[in-house]
Amino acid sequence: MRVPVTGPPGTTVTAAELERPQTTRLGRVLWSRAWAGWPGIVLAATVVTLLNWPAWARIEVGLDTSWQAGLSIAFIHRLQWGPGLDFTYGPYGFAGFLEPFYRSTALVAFVFIFAVTWLLAGLLVAGLRHYWGLAAAGVVAWAVVELSWAPLRAADIASVVGLGLALCIFETGENVRRANLATLLGALAGFVILVKLNTGVVLVGLLVLALAGSEGSRAARLRAGGQAGAALVAMFVIGWAGAGQSFANLASFIRASVSLLVGYSAAMGDPLDQASTAYWAVAILLVAAGVFAPAFRGRSRWARFVLLVMLAGWSWAVVKEGFVAGNHFPGFFRIVLAAIAIACLLRPPRWLYGGGLALAACITLVVSPQPVVDPFGSVRAFGAEVADLAQSGRFARLSAQTRVQLLSAEMLPRSALSLLGRRTLAIEPWEDLVAWAVPAAKWDPEPVVQSYSAYTSYLDHLDASFLASPKAPERVLYWPLQSGFDSRDPFMDPPATTEAIYCHYIQEGLEGPWQLLGRVPDRCGPESALGQVRSRFGLPVDVPSAPGKMVVATFTLSSPLLSKLQGALLKPPEVYLTTWSGHGRPVRYRFVTGTAGDEHVLSAPSTLGYSSAFTPDPIRRLELSGGGWTGGEGSVTVVFREVTLLPERSARDASLGGHGARTGLGQQRAQLRRAEGVSGARAVGGDGESYPDHLAPGSHDGRA
């Protein structure tokens with residue numbers, strides 16, 4: 001609208017024109033074009049991204065850094081996902097973390113993080129400029145990205161970006177724009193599936209719902225959906241092939257990924273430190289509901305339904321991500337804050353939007369750690385990282401310095417590693433960072449990255465069968481005391497894999513907290529039944545003794561309907577295992593129900609040959625509790641078996657005599673388990689051992 005203002009005689013100008021620099025006519029034209037529409041949004045989004053850019057993450061010993069190192073090594077060496085490697089993150093799981101492990105993985109992470117941060121900033125600026133103009137929109141977008149991105153992983157930010165793109169698709173009535181936005185979201189979903197599967201599934205769901213609820217003809221929406229689907233498949237195929245993966249492994253990759261997703265909620269514990277966190281979570285969700293509520297006015301019934309499903313489904317996924325494992329909740333608040341900011345794309349009233357965004361920011365600052373604000377340092381970090389990635393020598397020096405620092409740490413077993421020679425090595429339960437710090441190590445991990453993630457029977461047997469196969473690593477660096485993850489029993493996590501280690505590895509040496517194990521033929525003899533006990537939750541069960549034998553047990557548990565519903569919505573009630581040994585007071589652990597039917601080692605004989613710190617105390621009595629039951633309710637069935645375990649000397653002799661020296665025992669054990677109806681599709685290899693089909697001798701195990 002042209003508003004008359006005082007100007008030169010005989011002229012009429014607008015207020016906006018008076019605010020522009022008083023330059024030549026050509027200068028005014030260039031200024032207008034530079035800041036009009038998308039060029040201004042692109043420039044502002046780029047500035048916001050640079051002012052929020054993170055520095056290289058510090059590589060140090062720890063749980064998260066170790067699996068990120070493992071995924072980077074797997075990418076470099078083209079380990080095959082599905083039969084050879086599996087985790088809750090995918091083949092590009094390292095892309096969400098800016099860590100200088102390898103130049104190629106760091107470059108992938110750099111590009112992915114820049115893309116999702118820039119897209120988030122661009123969506124915010126595009127929506128906010130309608131309220132406060134481009135400059136103020138850039139400032140608010142910078143503040144939102146600063147609060148939401150600093151401690152988060154890029155895959156989680158991609159979830160918010162997907163929500164924003166879905167809302168744009170839902171809102172637009174222009175066919176070409178809808179198709180372009182859908183194609184962009186499809187491409188993003190195709191790659192994110194390879195980064196973090198559950199987030200990729202959320203993005204696919206948002207895409208389908210946005211197209212289903214958008215205006216326009218059915219034919220136009222189908223064309224947009226076709227373009228989006230093609231972009232999704234193309235990005236997935238390019239990414240899968242780029243990671244050196246075989247398409248023959250897709251089925252096993254999907255099977256393992258589904259098992260990881262389904263079992264995650266029940267396996268993870270780590271309760272919240274403060275009960276007030278849950279109340280703050282409810283508060284910020286109510287703020288989000290209030291900000292999004294005006295978007296439902298004036299729409300058709302179908303459009304309101306689709307928008308409700310879209311927002312509710314996305315929120316449910318974010319709540320699951322943040323509160324299944326209690327230590328993820330800071331990320332939950334930051335993601336919801338970013339989602340509230342994205343509501344600007346739906347144009348709620350300015351007073352409601354501004355107030356809700358400010359309130360959500362205050363809640364986030366109260367509950368989660370405050371970010372370090374250093375915009376100029378961010379720009380310097382961006383420039384330094386570009387230089388590191390552009391110059392191979394500079395990046396090599398950066399990695400070498402990090403390795404030297406890691407090897408100077410006392411916890412790394414340097415002398416044990418020096419004894420390996422050219423032997424293959426697995427590192428348990430999770431410190432795969434050792435394999436990166438010592439490039440000469442021939443890393444040959446179990447299929448499930450980090451043992452605590454083998455929390456379903458399928459995943460547990462995947463690892464156990466690999467250790468029982470001829471393709472198992474020759475040495476294992478083991479630190480069982482470290483595997484007491486999430487209050488679980490360190491000698492039962494995971495159970496079948498632990499038994500496989502006892503059966504196939506003997507102690508070669510010790511260094512600090514580490515134990516070096518050497519591969520031998522199967523030294524576990526035939527199994528025989530010790531008895532079966534039917535009990536209830538909260539009631540103790542005596543463990544039968546078997547002098548000189550290894551005692552194992554499998555569990556069958558009932559679950560009330562309410563607990564099953566609770567597990568489907570968020571997470572089921574936790575189950576606890578209390579054990580009594582002959583050497584101390586009862587100890588209570590979290591019990592992983594997904595592997596209840598696998599064999600748990602309750603006691604190991606002296607023939608195991610491990611040092612006392614690495615040998616489980618014999619359990620004389622046990623009790624299961626929780627699971628939604630009170631004491632005396634539900635049902636617990638425990639089946640006990642005894643297993644002969646050859647002493648270390650006999651195992652060494654068998655090793656010298658060749659792997660076939662004990663094939664008869666392995667075949668007897670496999671036959672006994674089949675006769676007792678042990679679950680899991682298995683095939684017997686030519687050496688008498690028992691494996692999943694894809695790990696049978698002579699089959700392709702998916703490893704480089």
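The values are calculated or read from the model by the stated rules, or taken from the named source; none is laboratory data. Since we're looking at a predicted model, the values are computed, not measured. FYI the Cβ positions are ideal-geometry reconstructions off the backbone, even for glycines, and counts take in every protein chain you see.
What the table below lists for this structure:
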read-out	value
Criterion: assigned to a helix (DSSP H, G or I) and at positive phi - qualifying residue of 70, 138, 133	133
Among (1) in a helix (DSSP H, G or I); (2) within 26 Å of residue 390 (Cα to Cα) - the single one residue 101 does not satisfy	(1)
Cβ pairs under 7 Å, 6+ apart, first in the range 444-467 and under 17 Å from residue 89 (Cα atoms) and in contact (Cβ under 8 Å) with a residue 40 or more places away in the chain, second in a helix (DSSP H, G or I) and of a type in the set (Phe, Trp, Tyr)	446/466; 447/466; 449/67; 450/67; 452/485
Considering residues of the range 60-75 that are in contact with a Phe, Trp or Tyr (Cβ under 7 Å, 6 or more places away or on another chain) and of a type outside the set (S, T, N, Q) only, the residue modelled with the lowest pLDDT	63
Index of the failed condition, residue 539 passing every other in (1) out of contact with any Pro (no Cβ under 8 Å at 6 or more places or on another chain); (2) surrounded by fewer than 17 Cβ atoms within 10 Å (Cβ to Cβ); (3) assigned to a strand (DSSP E or B)	(3)
Top-ranked residue of the range 324-362 - restricted to ones that are surrounded by fewer than 18 Cβ atoms within 10 Å (Cβ to Cβ), touching a residue at least 40 places away in the same chain (Cβ under 8 Å) and not hydrophobic (A, V, I, L, M, F, W, C), ranked as nearest to residue 570 (Cα to Cα)	326
Search result, residues across the range 456-499 that are among the aromatic types (Phe, Trp, Tyr) and in contact with a strand residue (DSSP E or B) (Cβ under 9 Å, 6 or more places away or on another chain)	466, 478, 479, 491
Flag for residue 239 being at pLDDT 95 or above and either within 19 Å of residue 346 (Cα to Cα) or in a loop (DSSP other than H, G, I, E, B) (or both)	no
Positions within the range 580-600 being surrounded by fewer than 22 Cβ atoms within 10 Å (Cβ to Cβ), in a strand (DSSP E or B) and not basic (Lys, Arg), in sequence order	580, 581, 587, 589
Candidate set: the range 73-91, residues that are assigned to a helix (DSSP H, G or I) and of a type outside the set (Val, Ile, Thr); chosen: the one surrounded by the most Cβ atoms within 10 Å (Cβ to Cβ)	74
Any hit, the range 622-630, residues being surrounded by fewer than 17 Cβ atoms within 10 Å (Cβ to Cβ), out of contact with any helix residue (DSSP H, G or I) (no Cβ under 6 Å at 6 or more places or on another chain) and at pLDDT below 85	no
Some residue of the range 271-286 being under 23 Å from residue 305 (Cβ atoms), assigned to a helix (DSSP H, G or I) and either assigned by TED's automatic domain parsing to the domain that holds residue 83 or without any contact (Cβ under 8 Å) to a residue 12 or more places away in the chain (or both)	yes
Matching residues in the range 615-643 - criterion: being more than 28 Å from residue 507 (Cβ to Cβ), assigned to a strand (DSSP E or B) and touching a Leu at 6+ places or on another chain (Cβ under 7 Å)	623, 624, 636
Neighbours by Cβ (under 7 Å, 6+ apart or cross-chain): first from the range 593-614, closer than 20 Å to residue 507 by Cα; second in a helix (DSSP H, G or I) and polar (S, T, N, Q)	601/498
Positions within the range 169-185 being surrounded by fewer than 24 Cβ atoms within 10 Å (Cβ to Cβ) and in a helix (DSSP H, G or I), in sequence order	171, 175, 176, 177, 179, 180, 183, 184
Candidates 162, 96, filtered to the one that is crowded, with 20+ Cβ neighbours inside 10 Å, in contact (Cβ under 8 Å) with a residue 24 or more places away in the chain and more than 20 Å from residue 38 (Cα to Cα)	96
Condition met for residue 91 (in contact with a His (Cβ under 6 Å, 6 or more places away or on another chain), within 25 Å of residue 463 (Cβ to Cβ) and either in contact (Cβ under 8 Å) with a residue 24 or more places away in the chain or of a type in the set (Phe, Trp, Tyr) (or both))	no
Residue selected from the range 516-526 under the condition more than 21 Å from residue 422 (Cβ to Cβ) and under 37 Å from the mean Cα position of the chain (by Cα), by the criterion surrounded by the most Cβ atoms within 10 Å (Cβ to Cβ)	523
Where a residue in the range 301-317 is loosely packed, with under 14 Cβ neighbours inside 10 Å and its partner, wherever it lies, is in a helix (DSSP H, G or I), with Cβ under 7 Å and at least six apart	302/213
Selection status of residue 534, touching a strand residue (DSSP E or B) at 6+ places or on another chain (Cβ under 8 Å), assigned to a strand (DSSP E or B), modelled with pLDDT of 90 or more and under 24 Å from residue 430 (Cα atoms)	no
Number of the condition not met by residue 212 [criteria: (1) more than 23 Å from residue 336 (Cα to Cα); (2) of a type in the set (A, V, I, L, M, F, W, C); (3) at pLDDT 95 or above]	(3)
Members of the range 501-543 found to be of a type in the set (A, V, I, L, M, F, W, C) and within 30 Å of residue 634 (Cα to Cα), listed by number	529, 530, 533, 537, 539, 541, 543
Set 111, 48, 116: member being loosely packed, with under 14 Cβ neighbours inside 10 Å and at pLDDT 90 or above	111
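A quick yes/no check of all residues on (1) under 29 Å from residue 79 (Cβ atoms); (2) assigned by TED's automatic domain parsing to the domain that holds residue 187:
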site: 213; (1), (2): no, yes
site: 221; (1), (2): no, yes
site: 228; (1), (2): no, yes
site: 233; (1), (2): yes, yes
site: 237; (1), (2): yes, yes
site: 242; (1), (2): yes, yes
site: 254; (1), (2): yes, no
site: 257; (1), (2): yes, no
